[in-house]
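Step one of this worksheet: look at the structure below.
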Amino acid sequence: MSFARRDVAPAAWRAEVSDALADGWRFAGLWAEDAGLRAAFARHGERLLLAAPAARDSIVDLVPAAAWDEREAHDLHGLAFAGHEPLRALVDHGAPTPEWTVPVEGRDVFQVAVGPIHAGVIESGHFRFHVVGERVLHLDLRLFYKHRGLERAAQGRPVAEALPVVQRACGADAVANAIAFAHACEDATGQAATPALARARTLLAELERLYNHLNDLSAICAGVGFAPGTMAFAGLKERAMRLNATLTGHRFLFGAVRVGGSDLAIPAAAAAEARSVLGELRDETRRAWRELQFAGSVQERFDGVGVLELEDARRLGAVGPAARAAGVAIDARTDAPRLAYRDLVPALPPRADGDVAARVEVRGAELPVVFDLLDELLAEPLEPAATEPGGPARRDGLALVESPRGQTLCAVALREDGVVERVHLRTGSYANWPALAQTVPGNLLPDFPLINKSFELCYACADR
Amino acid sequence: MFVLLRQLQRLRRDAALTAPPRRGSLALRHVDAGSCNACEHELTAAANPYYDLARHGLNVVASPRHADVLLVTGPVTARMREPLLKAYEAMPEPRTVAALGDCAMGCGVLGDAAALAPPLDELLPVAIRIPGCPPAPDVIAAHLLAHLHGEPPAA
């Protein structure tokens, strides 16, 4: 799997993007590189990279999902986008409040400012709610408090040393980020995955999805103050993380992915033991899930809250469980020749209404699929594996991987000696934050924690 | 709900947590100064039924005004420097700062110097150091309890 690269003159940028969309290409990310601009698109197993030597015109009217990408390219790399009005500050925190918020005026309108430090054990980020009474009219997000300059920190390092930096863009999506980086590097160096390597990485990705989905259900229960659910799913998550530690030596699977191969070895006895642990975990998860469905007072809090309309999900480029809960059947796992998913069909909730209930249901629908996949992947022992030559080497590499939060894009440019010249990571959380903000107006302010937890987006991998 | 409660009851029995041998408590306020979110996951996990930090008198409180200990995660980004210092200033004395995880302890691996503030050690008086990437929930508990009981830091 590789991608088609089209070099585009700045003046033709909009026309090229417009043509790509008309041809059925789906936007996957936009970023600054070499003082120029790149945009990636995906279409049924194909990838397209548009490259322009300079930025000129905005494409936000064609691709609203590119709004954050353009604002970031402006704030961090100084690119200008004609037609993106107003180009509000995103990463740049120097701007005074009126310059990064949407003006909301009227009788009894006031603002509730929350964060960056929150009352619980929560990542840092600032939310500015414009409300009348308890009703939210508009939400302005200000993230990037956690901006660590990770992309810049990874640049100039050999790939093996850049990997831990990219991996730790997010602790909870470490595997997905690391696989995306490894795939992008292997794409650039013309390496393909052997079946054994694909199996090892798929196993890690699904172990990560398992503990994250269990964590999300626990967090959602916490969002409505349902302590038995919070603790039951927290207990299940703990067991999943202990299994991670048994299999790979790390509860978050850090260090288990490397570029160019895999050192993961799981002998037959350990694989059988893991399957039996997963079998028990599956039974108890099913029981806890049924209980959650019959907890009427909890379910009523979920219905009709924080609705992401199908049209908005498409327009804003939502990905992952949040998009599937709104009826957009996209899942990067269905289009992953470097991984071992074969005929995976994305699990959709019974009613894809885009509300909190649907986002809860989509986790419930995906968990049995994750258990099935893990059982199948552990049916045979795992041995260390390597890549094999699979295509021409070139400077650029591109990869899309489905993290627990959705499609993550990684783009790299490598020097001939294997040093990373540019790396860009656009995670599922980054893609979904604007969609989350869209669902909040019209809801009650006290429902925000629930809406937020139903997306369970990560701040760290958006901020980088 | 009853099935969930029974499941929890069984879990508690299997985990066989002991009653804390000593008295005392610490109110903890967490500030994420640029972590990768793994330290937050482990600090949250410390409240799950397998560890149940609260039985030792270790509780996360909502405001720095109610806190004895400031638990800081992450390498301290330039943008979190001011909120972090404000949270510290808001705490009543005596107050203690804990560096939770390798990043907060200044391992210096992650991040570009331009986006980071000076390390936590240079900003605030760090008294508790909890190593790990991330530290597991039992490690977090061991270090906080050693501090609470005036013992040398856990190995």
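The table below gives the values:
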read-out	value
Subset of segment A:59-109 [charged (D, E, K, R) and touching an Asp or Glu at 6+ places or on another chain (Cβ under 7 Å)]	A:Asp75, A:Arg88, A:Asp92
Search result, residues across segment B:3-54 that are surrounded by 14 or more Cβ atoms within 10 Å (Cβ to Cβ), on the phi > 0 side of the Ramachandran plot and more than 8 Å from every other protein chain (Cβ to nearest Cβ)	B:Asp52
Hey, A:Leu457 closer than 23 Å to A:Tyr145 by Cβ, among the aliphatic types (A, V, I, L, M) and within 13 Å of chain B (Cβ to nearest Cβ) or not	yes
Test for A:Arg290: is it within 14 Å of chain B (Cβ to nearest Cβ) and modelled with pLDDT of 95 or more	no
Subset of segment A:2-36 that is among the aliphatic types (A, V, I, L, M) and in contact with a helix residue (DSSP H, G or I) (Cβ under 7 Å, 6 or more places away or on another chain) - its residue that is surrounded by the most Cβ atoms within 10 Å (Cβ to Cβ)	A:Leu30
Enumeration of residues in segment A:338-389 that are at positive phi and either surrounded by fewer than 22 Cβ atoms within 10 Å (Cβ to Cβ) or more than 20 Å from the chain's Cα centre (by Cα) (or both)	A:Arg342
Condition check for A:Arg333: in contact with a strand residue (DSSP E or B) (Cβ under 8 Å, 6 or more places away or on another chain) and in a helix (DSSP H, G or I)	yes
In segment B:64-87, the residues that are within 18 Å of B:Leu144 (Cα to Cα) and either outside any loop (DSSP other than H, G, I, E, B) or hydrophobic (A, V, I, L, M, F, W, C) (or both)	B:Pro64, B:His66, B:Ala67, B:Val69, B:Leu70, B:Leu71, B:Val72, B:Thr73
All positions within segment B:55-96 that are more than 17 Å from the chain's Cα centre (by Cα), more than 10 Å from chain A (Cβ to nearest Cβ) and acidic (Asp, Glu)	B:Glu89, B:Glu93
Residue list for segment A:67-84, filter: at negative phi and part of a loop (DSSP other than H, G, I, E, B)	A:Leu79, A:Ala80, A:Phe81, A:His84
Members of segment A:13-27 that are among the small types (Gly, Ala, Ser) and farther than 18 Å from A:Arg314 by Cα	A:Ala15
Residue among A:Leu214, A:Leu264, A:Leu281, A:Leu253 that alone is touching a helix residue (DSSP H, G or I) at 6+ places or on another chain (Cβ under 6 Å), within 14 Å of chain B (Cβ to nearest Cβ), not in a helix (DSSP H, G or I) and not aromatic (Phe, Trp, Tyr)	A:Leu253
Given (1) assigned to a helix (DSSP H, G or I); (2) within 11 Å of chain B (Cβ to nearest Cβ), index of the condition A:Ala172 fails	(1)
Meets criteria (in contact with a helix residue (DSSP H, G or I) (Cβ under 6 Å, 6 or more places away or on another chain) and not in a helix (DSSP H, G or I)) for A:Ala340	yes
Restricting segment B:134-155 to residues that are part of a loop (DSSP other than H, G, I, E, B) and within 13 Å of the chain's Cα centre (by Cα), the residue that is surrounded by the most Cβ atoms within 10 Å (Cβ to Cβ)	B:Pro134
Any hit, segment A:68-86, residues being surrounded by fewer than 19 Cβ atoms within 10 Å (Cβ to Cβ), over 23 Å from the mean Cα position of the chain (by Cα) and over 30 Å from A:Phe3 (Cα atoms)	yes
In segment B:105-126, the residues that are free of Cβ contacts under 8 Å to residues at least 60 places away in the same chain, surrounded by 19 or more Cβ atoms within 10 Å (Cβ to Cβ), part of a loop (DSSP other than H, G, I, E, B) and at the interface with chain A (Cβ under 7 Å from one of its Cβ atoms)	none
Residue check, B:Ala99 over 28 Å from A:Val175 (Cβ atoms), more than 10 Å from chain A (Cβ to nearest Cβ), under 14 Å from the mean Cα position of the chain (by Cα) and free of Cβ contacts under 8 Å to residues at least 60 places away in the same chain	no
Some residue of segment A:268-275 being farther than 18 Å from A:Ile220 by Cα, in a helix (DSSP H, G or I), within 14 Å of chain B (Cβ to nearest Cβ) and modelled with pLDDT of 95 or more	no
Boolean, A:Ala399 is under 19 Å from the mean Cα position of the chain (by Cα), at pLDDT below 90 and either under 23 Å from A:Leu414 (Cα atoms) or crowded, with 22+ Cβ neighbours inside 10 Å (or both)	no
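Conditions (1) on the phi > 0 side of the Ramachandran plot; (2) more than 10 Å from chain B (Cβ to nearest Cβ); (3) more than 21 Å from the chain's Cα centre (by Cα); (4) at pLDDT 95 or above, marked per residue:
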{"residue": "A:Phe110", "(1), (2), (3), (4)": "no, yes, yes, no"}
{"residue": "A:Val114", "(1), (2), (3), (4)": "no, yes, yes, no"}
{"residue": "A:His118", "(1), (2), (3), (4)": "no, no, yes, no"}
{"residue": "A:Ile122", "(1), (2), (3), (4)": "no, no, no, no"}
{"residue": "A:Val136", "(1), (2), (3), (4)": "no, yes, yes, yes"}
{"residue": "A:Leu150", "(1), (2), (3), (4)": "no, no, no, no"}
{"residue": "A:Arg157", "(1), (2), (3), (4)": "no, yes, yes, no"}
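The values are calculated or read from the model by the stated rules, or taken from the named source; none is laboratory data. Predicted model, so just to flag it, every value in this text is computed and none were measured. Positions of Cβ are backbone-derived with ideal geometry, glycine not excepted, and every protein chain shown enters the neighbour counts.
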